[in-house]
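Asks: This structure is in structure tokens; I'll ask about it shortly.
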Amino acid sequence: SCLEAIAIFEAAEEEDRPGKWHIEDFHIARALTHLATAYTAVGDFESALAAQRVELKRTSNTAGKVEVLLRTGNLEMILGHFRQAEKSYVDAIAVQSELRRDERDFWLIPHVQLAMLYQLEERFDRAERILDDGFADIEQTRAVLAEHNAGLGMHADDLRVVAFTTMTLFQMKAWTYFGQGRFDEARRVAREVLAYLETERTRTSPTI
């Protein structure tokens with residue numbers, strides 16, 4: 001069905017008709033996403049990766065491209081193509097850095113995926129540096145959003161998501177310390193994450 005949808009929209013894309021809506025590219029990209037998901041579900045990772053690469057060529061430098069690059073990197077990781085995966089994650093970080101901070105998808109954390117790759121390769125020093133870069137970046141985002149929200153009187157939902165993102169980076173930092181044998185530091189960071197999550201759970205739990 002995805003292949004049929006892609007063929008239909010590609011045919012429409014080639015038409016030079018008056019008043020044409022330029023939405024075919026969007027629909028093709030979405031079909032490619034579903035196609036890659038379908039291939040992944042049956043373990044055909046090579047075909048999934050091929051679909052993602054085609055989608056990547058159709059995606060502009062937006063938060064959407066960050067997501068496609070991360071999915072591409074994840075498939076490269078599954079297939080054991082570590083250097084290609086590394087390039088996808090590095091490209092995702094670069095694309096994200098070009099976006100305005102209030103336009104980013106705060107659930108996407110390319111620094112984490114890249115750090116995971118380095119951890120698997122036991123390149124813990126490099127993983128630590130990447131996570132430090134991620135911390136610096138997310139702190140700048142937090143400051144920009146705080147000022148933006150204060151100026152407009154907006155709610156702070158984005159700031160909460162950024163806080164969860166920060167905790168994800170902290171968890172990865174704990175595992176990096178653990179891999180380096182720095183167990184006291186790993187335990188300290190893990191406890192900080194646990195304390196934050198417990199505070200969030202208590203704050204958001206309904207009162208009975």
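Asks: According to the square roots a ≥ b ≥ c of the eigenvalues of the Cα gyration tensor, what is the shape class of the stretch 1-96, taking rounded for a/c under 1.5, prolate for a/b larger than b/c otherwise, and oblate for the remainder?
Replies: Oblate shape, in that a/c is at least 1.5 and b/c is the bigger or equal ratio.
Asks: Near the amide H of PHE106, under 5 Å away, which other amide H atoms are found, from residues 5 or more places off or on another chain, if H is placed in the peptide plane?
Replies: HN-HN under 5 Å from PHE106: empty list.
Asks: Please compute the contact order of the chain in relative form: average sequence separation of alpha-carbon pairs under 8 Å and at least six residues apart, divided by the residue count, as a percent.
Replies: The value is 12 percent.
Asks: Continuing with this model, one more query. Choose one answer from GLU15, GLU185, GLU121: the residue with the largest mean-square fluctuation in a GNM of the chain with alpha-carbon springs under 10 Å.
Replies: Result for the chain, Cα springs under 10 Å: GLU15 fluctuates most.
Asks: For the stretch 1-80, what is the accessible area per residue in Å², given a 1.4 Å probe and the full set of protein chains? Walk me through the intermediate numbers first.
Replies: Numbers: 4670 Å² over 80 residues.
Roughly 58 Å² per residue, with all protein chains present.
Asks: Once percent of Cα pairs over 27 Å apart is worked out from the coordinates, which option in (1) 45; (2) 39; (3) 36 does it equal?
Replies: So the structure-derived entry is (1).
The values are calculated or read from the model by the stated rules, or taken from the named source; none is laboratory data. All values reported here derive from a predicted model rather than from experimental measurement. Heavy atoms of the whole protein, side chains included, go into the accessibility calculation; ligands, DNA and RNA do not. Shrake-Rupley method; radii C 1.70, N 1.55, O 1.52, S 1.80 Å.
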